[in-house]
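Participant: Pasting a structure here, questions to come.
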Amino acid sequence: MTGAMGTAGPRVLAIANQKGGVGKTTTAINLGTALAAVGERVLVLDLDPQGNASTGLGIDIDGRQKTSFDVLTGSATMMEVTLPTAVPGLHVVPANSDLVGIDTTLGSDQSRAFKLRDALSALAAHQATVPPEEAIAYVLIDCPPSLNLLTLNAMTAAHAMLVPVQCEFFALEGISQLKATIDQIRATLNPGLEIQGVVLTMHDARTTLSKEVAENVRAFFGAKVYETIIPRNTRVAEAPSHGKPILLYDYDCAGSQAYIKLATEIIERERQFKAA
């Protein structure tokens, strides 16, 4: 398969929405866990200075000796920075607040938008040398809640975008801006970029508002919206504070089961993509 990185290797999905609090990190952690649970090897790439995906996967701040900042600045490879998690088959490239200074650090570097793509190309080349059963199948990039240089790197490096949309009043605010940004990236930096899908998060089936938002998002994105809807679930909200994905924290809760369904749906879309 070829894509944004220009070489065979893992399928790279950027989880992005410039609006905060829509469930990007929760989706990255739990989708990664669900994909690993069905036998895929997954790398969660934390690209948010808050480092919440790293924390949610049990990586203590003191354990982040090298981070995605080192990858973007070229002082470490993706392989050197990758850490195992408590979930078999799931790894993480951690992040910390160093990423806040990435714009200043890369400054006027002409290739600053391509740093992540180049690092992932090197990872893909390395993957070609390992046994197939040890190769990473998916890289999930947890983007910060803004359209900054970090998100630009993610969108330039990714094969496709996964967009979480919260089922609340201002959900569609900014969606058109994000779509315009994706179109701009396609026209300039990454012509192969597509929207793999849109996932509705924090859905409360008891409210008319949630239903209306879901209908509006489906009207806007059509078939791109996954059938699976992630419900508002207390257990999902609690899990990160215990440093665990929801599938490890409470496998039987509605949130866990929703992420397993979402993983199955994404894998099916990927099969259709590969067959096309």
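Participant: Among the residues in region 263-276, are any aromatic (Phe, Trp, Tyr), out of contact with any helix residue (DSSP H, G or I) (no Cβ under 6 Å at 6 or more places or on another chain) and in a helix (DSSP H, G or I)?
Facilitator: Checked region 263-276: at least one residue is aromatic (Phe, Trp, Tyr), out of contact with any helix residue (DSSP H, G or I) (no Cβ under 6 Å at 6 or more places or on another chain) and in a helix (DSSP H, G or I).
Participant: Looking at (1) among the acidic types (Asp, Glu); (2) out of contact with any strand residue (DSSP E or B) (no Cβ under 9 Å at 6 or more places or on another chain); (3) touching a residue at least 24 places away in the same chain (Cβ under 8 Å); (4) closer than 19 Å to residue 43 by Cα, can you tell me which one residue 173 breaks?
Facilitator: (4)
Participant: Which pairs turn up if I take residues in region 198-227 that are over 21 Å from residue 259 (Cβ atoms) and look for partners that are of a type in the set (Ser, Thr, Tyr) and outside any strand (DSSP E or B) with beta carbon separation below 9 Å, at least 6 apart in sequence or on another chain?
Facilitator: 220/176
Participant: From (1) over 15 Å from the mean Cα position of the chain (by Cα); (2) closer than 22 Å to residue 26 by Cβ; (3) loosely packed, with under 15 Cβ neighbours inside 10 Å, pick out the condition that doesn't hold for residue 167.
Facilitator: Evaluating residue 167 over (1) over 15 Å from the mean Cα position of the chain (by Cα); (2) closer than 22 Å to residue 26 by Cβ; (3) loosely packed, with under 15 Cβ neighbours inside 10 Å leaves (3) as the failure.
Participant: Further question: Tally up the residues in region 220-234 that are surrounded by fewer than 18 Cβ atoms within 10 Å (Cβ to Cβ), of a type outside the set (Phe, Trp, Tyr) and at pLDDT below 90, please.
Facilitator: 1
Residue-by-condition table, conditions (1) in a strand (DSSP E or B); (2) out of contact with any Asp or Glu (no Cβ under 8 Å at 6 or more places or on another chain); (3) modelled with pLDDT of 95 or more:
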| position | (1), (2), (3) |
| --- | --- |
| 91 | yes, yes, yes |
| 95 | no, no, yes |
| 103 | no, yes, no |
| 109 | no, yes, no |
| 117 | no, yes, yes |
| 123 | no, yes, yes |
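Participant: Then there's this: With 164, 191 as the choices, which residue is of a type outside the set (Asp, Glu) and in a strand (DSSP E or B)?
Facilitator: Being of a type outside the set (Asp, Glu) and in a strand (DSSP E or B) holds for just one of 164, 191, which is 164.
Participant: Now for a separate question. Which ones in region 145-158 are in a loop (DSSP other than H, G, I, E, B) and surrounded by fewer than 24 Cβ atoms within 10 Å (Cβ to Cβ)?
Facilitator: 145, 146, 147, 148
Participant: When the residues of region 32-63 are filtered to those that are within 18 Å of residue 144 (Cα to Cα) and among the small types (Gly, Ala, Ser), which remaining residue is surrounded by the most Cβ atoms within 10 Å (Cβ to Cβ)?
Facilitator: The selected residue is 32.
Participant: What residue, of 28, 53, 36, 76, is at negative phi and out of contact with any helix residue (DSSP H, G or I) (no Cβ under 8 Å at 6 or more places or on another chain)?
Facilitator: Within the list 28, 53, 36, 76, the selection yields 36.
Participant: Mind listing whichever residues of region 70-89 are among the hydrophobic types (A, V, I, L, M, F, W, C) and either in a loop (DSSP other than H, G, I, E, B) or under 21 Å from residue 37 (Cβ atoms) (or both)?
Facilitator: Listed by number, the residues that qualify are 76, 83, 86, 87.
The values are calculated or read from the model by the stated rules, or taken from the named source; none is laboratory data. Remember, predicted model here, so these are calculated numbers, not experimental data. Neighbour counts run over all protein chains shown; Cβ positions are idealised from the backbone, glycine included.
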